[in-house]
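Undergrad: Below you'll find the structure I mean.
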Ligand SMILES: [Zn+2]
């Protein structure tokens, strides 16, 4: 560390040497500075009024100088003061520039980098189709109903005119809840095999007129294959009012199919059987792939079977007669369709299993 020496004499040579030594020390100390606190220590060491290097120079060299040398020493001391001040200012600038550079470098933001991709989820195709079907009927003034998936024998079968031991029950392989043997038959629990129980549940609480669609999950003891699944979705519909006829049923469903598949689609109705409707019908739509010409998808018939429907059986109204459903005064129609079946057609999907496997490569196509 540099200390201010006493001058041996005041010759030009001695003064030159002392000045050169001091400037060399100043220069080397400047180069050691790294941080702002280094710089403050450095500044105080050289500039402090009390005992700073310049003060020492003033005291040791100038004040002690003999009169003839005072003028020359004074000039040199002033020059040194200017040099020291300049060096301190320059060092300050360098330290601040480098710390600002460092901060900028650490905060560097490359706006050309690609952003973080966050994929946005979409509705599952089955839910999307279910919502579409519901929307078609909502536009016709239907409201939406829901019911429990674990249902009693009474609501799932008995009140829909499936008497105990009736063979029609065999068409819906049912998943029963275990340990129900102690209960009366009509109270035993099962997973609902169709959304139809919500028809009865709705009519129990709402007197006629009723216009309702019932979307939901149903369960059957079917092994999984290309067109069957033990869990699938249905949309059920029910309209009850005075003077409802089979023409209303046909008109309603024909309109719904045109809304779902396009205005060129035709519908036709074939006699069928369901315990809770009489008469009952299967409805077919003209093949949406070939327009009715005949192709592999419609087995060259030009028609595709799509849903079951019919006029509500008076026996069903008997179960809710107490709430104003007198079959001599009112009538109604009901229909039910499988959502997966319509989704398979609409999206030309080969197997129902694709809807449940959760394979992102499949689902991404619907994004
Ligand atoms: Zn076809």
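Undergrad: Given (1) within 16 Å of the ligand (Cβ to nearest atom); (2) surrounded by 19 or more Cβ atoms within 10 Å (Cβ to Cβ); (3) not in a loop (DSSP other than H, G, I, E, B), identify the lone condition not met by residue 298.
TA: Of everything listed in (1) within 16 Å of the ligand (Cβ to nearest atom); (2) surrounded by 19 or more Cβ atoms within 10 Å (Cβ to Cβ); (3) not in a loop (DSSP other than H, G, I, E, B), residue 298 misses just condition (3).
Undergrad: Of 311, 283, which residue is assigned to a strand (DSSP E or B), within 38 Å of the chain's Cα centre (by Cα), more than 16 Å from the ligand (Cβ to nearest atom) and at pLDDT 95 or above?
TA: Working: 311 fails: within 38 Å of the chain's Cα centre (by Cα).
When all the criteria are applied, what remains is 283.
Undergrad: Follow-up. Looking at (1) in contact (Cβ under 8 Å) with a residue 24 or more places away in the chain; (2) within 16 Å of the ligand (Cβ to nearest atom); (3) loosely packed, with under 14 Cβ neighbours inside 10 Å; (4) not in a strand (DSSP E or B), find the lone condition where residue 268 falls short.
TA: With (1) in contact (Cβ under 8 Å) with a residue 24 or more places away in the chain; (2) within 16 Å of the ligand (Cβ to nearest atom); (3) loosely packed, with under 14 Cβ neighbours inside 10 Å; (4) not in a strand (DSSP E or B) applied to residue 268, the lone miss is (4).
Undergrad: Just give me the residues in segment 148-170 being outside any loop (DSSP other than H, G, I, E, B) and either farther than 20 Å from residue 309 by Cα or out of contact with any strand residue (DSSP E or B) (no Cβ under 9 Å at 6 or more places or on another chain) (or both), in sequence order.
TA: Just the residues of segment 148-170 that are outside any loop (DSSP other than H, G, I, E, B), to begin with: 150-156, 158-160, 167-170.
Answer for segment 148-170, where residues must be outside any loop (DSSP other than H, G, I, E, B) and either farther than 20 Å from residue 309 by Cα or out of contact with any strand residue (DSSP E or B) (no Cβ under 9 Å at 6 or more places or on another chain) (or both): 150, 151, 152, 153, 154, 155, 159, 167, 169, 170.
Undergrad: Considering only residues that are surrounded by fewer than 18 Cβ atoms within 10 Å (Cβ to Cβ) and part of a loop (DSSP other than H, G, I, E, B), look in segment 314-333 and name the one that is nearest to the ligand (Cβ to nearest atom). Before the answer, list the steps.
TA: Within segment 314-333, the first condition is being surrounded by fewer than 18 Cβ atoms within 10 Å (Cβ to Cβ), and the residues that meet it are 314-315, 318, 321-324, 326-329.
After this cut, where a residue has to be part of a loop (DSSP other than H, G, I, E, B) as well, the list is 324, 326-329.
Details: 324: 45, 326: 45, 327: 40, 328: 44, 329: 44 Å.
Among residues in segment 314-333 that are surrounded by fewer than 18 Cβ atoms within 10 Å (Cβ to Cβ) and part of a loop (DSSP other than H, G, I, E, B), the one nearest to the ligand (Cβ to nearest atom) is 327.
Undergrad: Can you say whether residue 231 is touching a strand residue (DSSP E or B) at 6+ places or on another chain (Cβ under 7 Å) and closer than 22 Å to residue 126 by Cβ, as far as the supplied structure shows?
TA: Details: touching a strand residue (DSSP E or B) at 6+ places or on another chain (Cβ under 7 Å): yes; closer than 22 Å to residue 126 by Cβ: yes.
Against the criterion (touching a strand residue (DSSP E or B) at 6+ places or on another chain (Cβ under 7 Å) and closer than 22 Å to residue 126 by Cβ), residue 231 qualifies.
Undergrad: Among the candidates 140, 130, which residue alone is assigned to a loop (DSSP other than H, G, I, E, B), in contact (Cβ under 8 Å) with a residue 40 or more places away in the chain and touching a helix residue (DSSP H, G or I) at 6+ places or on another chain (Cβ under 8 Å)?
TA: 140 is the lone residue from the list that is assigned to a loop (DSSP other than H, G, I, E, B), in contact (Cβ under 8 Å) with a residue 40 or more places away in the chain and touching a helix residue (DSSP H, G or I) at 6+ places or on another chain (Cβ under 8 Å).
The values are calculated or read from the model by the stated rules, or taken from the named source; none is laboratory data. Note that the structure is predicted; figures quoted are calculated from it, not measured. Using ideal geometry, Cβ is built from the backbone for each residue, glycine included, and neighbour counts are taken over all protein chains shown.
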